Amino acid sequence: MKRFFLLIGGMGVAGLVAGGWWWYDQVSVPPPRHSASIWPIVASYNLTDAEGNSVRSYHLQGKVVLLDFIYTRCASVCPRLQSRLRQTLQAIPSSDRLVAVSISLDPAHDTPAYLRVHAESYKVPGHRWVFWRPISQRVAIQLATSVFGLLAAPLEGEEILHSDAIILIDCEGRIRGVYSSQDERLLQHTQKLIRLCGANAS
């Protein structure tokens, strides 16, 4: 009798696992917006990281990337974007196939020192999250609007108008979706792309 219940219990667990994988496989990620990788275009822009080193964005080819545009003294949408990125990273086991990228829209203020302090407040152990600084605000705005198709424009004073948007990029460098900081689909779609990236690499 005990062996019978163990067998039934094992079948139940197997059914739950199989059902979970079936549900997971039903997650539909938006198709690529373009067939070509975005990274060669990004590489044509002069960017540095939080250490002041030149960015080589083509190193992100083969990675699933979560990307947003922020500035460190933003008190409205940026904290929501950064919190959503942090929550998404925290929900995903450590993976070398996933990278988060935040690009400053206020590089005159967001010096490498400021970016390092900001990065420290949001870091997620086990995950790579990099912060990039364009050479000027003009370049930052152009990158956001012309390359990634987002809204970005300087306002009076320190304010910068910009999209509440996190861009999901697959391991072939193709944009797969743009998500608001409130969009719960971001986690599922990111997980699905990581799995697909692993399958393609094997």
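The values are calculated or read from the model by the stated rules, or taken from the named source; none is laboratory data. These numbers were taken from a predicted model, which means no experiment stands behind them. Quick reminder, even Gly has a Cβ in these numbers, built from the backbone with ideal geometry, and neighbours come from all protein chains shown.
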**OP:** Test S28 against the stated conditions and say whether it is among the small types (G, A, S), modelled with pLDDT under 95 and within 14 Å of D170 (Cα to Cα).
**Re:** yes
Subject >> Unique match (being within 15 Å of C74 (Cβ to Cβ) and surrounded by fewer than 17 Cβ atoms within 10 Å (Cβ to Cβ)) among A165, A140, A153 >> reply: A153
Subject >> Residues that are among the β-branched types (V, I, T) and either at pLDDT below 95 or surrounded by 17 or more Cβ atoms within 10 Å (Cβ to Cβ) (or both), drawn from region 93-128 >> reply: V99, V101, I103, V124
Original post:
In region 129-140, what count of residues is obtained for those that are under 20 Å from the mean Cα position of the chain (by Cα) and either at pLDDT below 95 or part of a helix (DSSP H, G or I) (or both)?
Top reply: 1
